[in-house]
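Reading through the structure tokens given below for one structure.
Computed from the coordinates by the stated procedures, all read-outs in this text should not be read as laboratory data. Owing to the predicted nature of the structure, the values given are computational and were not obtained by experimental measurement. Glycine also receives a Cβ, built like all others from the backbone with ideal geometry; neighbour counts cover every protein chain displayed.
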Amino acid sequence: MTMTPMRQLMGEVLRARRRAQGLTLRDLSSRARVSLSYISEIERGQKEPSSELLAALADALEIPLSQVLLQVSDLLELDEAADLATVAAIGSSDVSMSAA
């Protein structure tokens, strides 16, 4: 089971929100007062942002932090479901092989 790290899902959500608004990294950096390179690392899932930094980014994107967290939660749920389906498929193939 190889679940996607939550920091990567967080980065995906933040990047999608930024792009949906037509903002560049530079625009978001200016609005949030966070370095462009740090935001880039967050979006690529290389850094895990603090709650304060997440709040600043959400505010700069003019969206409630709760919406960001809900979207991350939704992606995490999909990721977990895919992992469980993989495990179930592996488990059922092991059973059918041992029954032969």
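Legend: calculated FRET efficiency, R31 to M6, from the Cβ-Cβ distance at R0 = 22 Å, rounded to 0.05, equals 0.35. Among residues other than Q67 with Cβ under 11 Å from its Cβ, the summed charge is -1 (Lys and Arg +1, Asp and Glu -1).
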